[in-house]
1. Name the single residue that is nearest to the chain's Cα centre (by Cα) among those in region A:1-57 being within 8 Å of DNA strand C (Cβ to nearest atom) and within 14 Å of chain B (Cβ to nearest Cβ).
2. Can A:Ala232 be described as without any contact (Cβ under 8 Å) to a residue 60 or more places away in the chain and surrounded by 21 or more Cβ atoms within 10 Å (Cβ to Cβ)?
3. Among (1) within 16 Å of DNA strand D (Cβ to nearest atom); (2) in contact with a strand residue (DSSP E or B) (Cβ under 6 Å, 6 or more places away or on another chain), which single condition is B:Ala113 missing?
4. If you take the residues in region B:30-49 that are within 11 Å of DNA strand D (Cβ to nearest atom) and assigned to a loop (DSSP other than H, G, I, E, B), which one is farthest from A:Ala53 (Cα to Cα)?
5. Can you tell me which of A:Pro127, A:Pro151, A:Pro142 is away from chain B (no Cβ under 14 Å) and in contact with a strand residue (DSSP E or B) (Cβ under 8 Å, 6 or more places away or on another chain)?
6. Mind checking which pairs have a first residue in region A:1-29 that is under 30 Å from B:Gly312 (Cβ atoms) and in a helix (DSSP H, G or I) and a second that is near DNA strand D (Cβ under 8 Å from one of its atoms) and among the basic types (Lys, Arg), Cβ under 6 Å, 6 or more apart or different chains?
7. Just the residues that are touching a Phe, Trp or Tyr at 6+ places or on another chain (Cβ under 8 Å), among the acidic types (Asp, Glu) and more than 14 Å from chain B (Cβ to nearest Cβ), please, taken from region A:191-240.
8. Looking at region A:300-322, I want the residues that are touching a residue at least 12 places away in the same chain (Cβ under 8 Å) and have a partner that is loosely packed, with under 12 Cβ neighbours inside 10 Å with Cβ atoms under 9 Å, at least 6 apart or on another chain. Which pairs are those?
Protein chains: 2
Amino acid sequence: MGHTTIKDVAQKAEVSIATVSRVLNELDNVSPATRQKVLDACDELGYSPNMQAKRLKLGFTNSIAAVMPFLTLPSIVERLRGVQATLAESEYDLFPFSVENPEERDQYLERLANRSLADGVLIISMPISSEQVARFRRIDMPVVLIDSFQPGCSRVFTDDVLGGKMATEHLLDLGHRRIGFLSDHLDLPMQFSSTRDRFQGYRLALEENGIPFDPAYQKQGPHGREAARAMALELLTTNGRPTAIFAASDTQAIGVLDAARELDLSVPDELSVVGYDDIRDAEYVHLTTIRQPLFDTGKIGGKILIEQIAQGCLDEQEALLPLSIITRSTTAPSLRS
Amino acid sequence: MGHTTIKDVAQKAEVSIATVSRVLNELDNVSPATRQKVLDACDELGYSPNMQAKRLKLGFTNSIAAVMPFLTLPSIVERLRGVQATLAESEYDLFPFSVENPEERDQYLERLANRSLADGVLIISMPISSEQVARFRRIDMPVVLIDSFQPGCSRVFTDDVLGGKMATEHLLDLGHRRIGFLSDHLDLPMQFSSTRDRFQGYRLALEENGIPFDPAYQKQGPHGREAARAMALELLTTNGRPTAIFAASDTQAIGVLDAARELDLSVPDELSVVGYDDIRDAEYVHLTTIRQPLFDTGKIGGKILIEQIAQGCLDEQEALLPLSIITRSTTAPSLRS
DNA sequence: TTGAAAGCGCTAACAC
DNA sequence: GTGTTAGCGCTTTCAA
């Protein structure tokens, strides 16, 4: 029997398929009576148009793809929400592709370089090679990078080095001198370069204040609250333990708070903690943190992409979004005499 | 300039489009020499086939859609991984749709009831109405439910009432009599009926052991670790506080552990805690919990769906998956004298 | 205001 | 082993 087609509707409504198409696409050169007949027929038959045919004819898909790592990370989810906020106001559908390893990423990116699958693609918090970019350019497919970088691509980003500096300087200003840095792995294949950048900001701030970097105060490990807790436990049970810890993400900072509680270290009196991102839970636990406009990166990234699709012009756009420090109650002046 | 088409490739390779199609679809009635010519031409032109056209012609999409709530929940992610594991071995693409409210859900379900968008659909941990099922049936589109129920649909599920009973009985066996129950809201529109079922299992176990249900020992609230922590704090600071708490999810159980630590209540000596799901973090924090085969539900659900698509037959299948209790170190005998 | 018909890029008979 | 061609369901000129 196959699916109901525009032909069936036309037959039932006793009009031509062209007329049905007009009604469905809300063109106004159709008489009210005819329109009603068509609408009724659609209803009765439970008709819904074949999108493949429509897209084949039209030459575009009205959809955009978003490739990102680990859809479970709160920061990624928040960016995606921003994208959706933009797309909700447009006619575009969003197809998210969550990848868990570099092979998967490369595979998706290769397949997505196909005009019949999406009108444009968003890359979120993921490195992408120049060859991969080239493949998209070759078929005139717009790509915008969110929290990532590759020459020749539009992008929306924040200055992670600056963010790392801001966090560290906040602690320095409070008189802290033994400041720990805790993060996920600094050199993994799917690595967000942002973690490295934040670390660099941390080191820059120390340097500018004449404090030598002490590797004993730095820990890296798997991402996640529990892993961070374990690392913080180590960091805090050594001699000359840090009086403050800057964690490269809020999730990890919350793990640090767990560890402090476990060690009966009062925060912020005996330990100051600053996070990064300002995810929802940060407010909940009163975490001092660097706020980056996660939602807005998605929103603006989506907007730029849609513009580029509409205009068919691929000139590079860059949007640098501002950072701010949110001072809550996990940081206080150092108590050293 | 438009996209490169099969025609361009044919021209370049000096063969007919049929031959190109044969090469691309790996049919073997093509001479090696011709095949190579075609492959070269594809390469040079950077050709990739128009999927819309292919699908229009073929009449199916080779893709399946999965609709689920909040892609951030660890349990949902784990189920989805199972689905992906099945699909990875097939030719099907997976398109996840994460919905955040009932309106979004209804909207997606309505749009997805269209054979040109997917060959089948998976509904994960989400209630679906009989009208919605009817719409899919009407167009012969297979639907399989994972952790959900609606007459006339295939599904893979576990017995949540039993799970709730198992958890509670474990605590009863340890001698606990004041047992708290903590969960997300029991009657929300997007409600997983599973939470209600677990609650029912809890009540059944109490009843069968002659213990009256005391509403003071039950708390419900928003989902999430922090919210659970807050609820547990309330539960544990009243007179005659429970000696054990059964949390309807591991995430919430971990929130209970947070609260216990905060109150300096030793677990399991002064408080026993049991969770539900056995997500990864459960092992990390040594949580006693009801393990449900999250990954397998996805895997099997995907398999059933693919079968139904292949056979074109929609006879209802049901797969009831087993539960087990994983005893770790958050539960111990009650200390009451 | 409506209908006839061309054609989007592809696959699969069917011919040779 | 290879080419010709009909047609998937739709939109959109062009004519009426």
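Nothing in this text is a laboratory measurement; each read-out follows from the coordinates by a stated rule. The shown structure was predicted, so the numbers you read here are calculated from the model rather than taken from an experiment. Here the Cβ is made from the backbone with ideal geometry for all residues, glycine too, and neighbour counts use every protein chain on show.
1. Once the filter is applied, the top-ranked residue is A:Leu56.
2. yes
3. (2)
4. Filtering region B:30-49 for residues that are within 11 Å of DNA strand D (Cβ to nearest atom) and assigned to a loop (DSSP other than H, G, I, E, B), the one farthest from A:Ala53 (Cα to Cα) comes out as B:Ser31.
5. Testing whether each residue is away from chain B (no Cβ under 14 Å) and in contact with a strand residue (DSSP E or B) (Cβ under 8 Å, 6 or more places away or on another chain) leaves just A:Pro142.
6. Hits for this filter: A:Ile17/A:Lys7.
7. Listed by number, the list holds a single entry, A:Glu207.
8. Taking only residues 6 or more apart or on different chains, the pairs are A:Gln308/A:Asp315; A:Glu316/A:Pro151.
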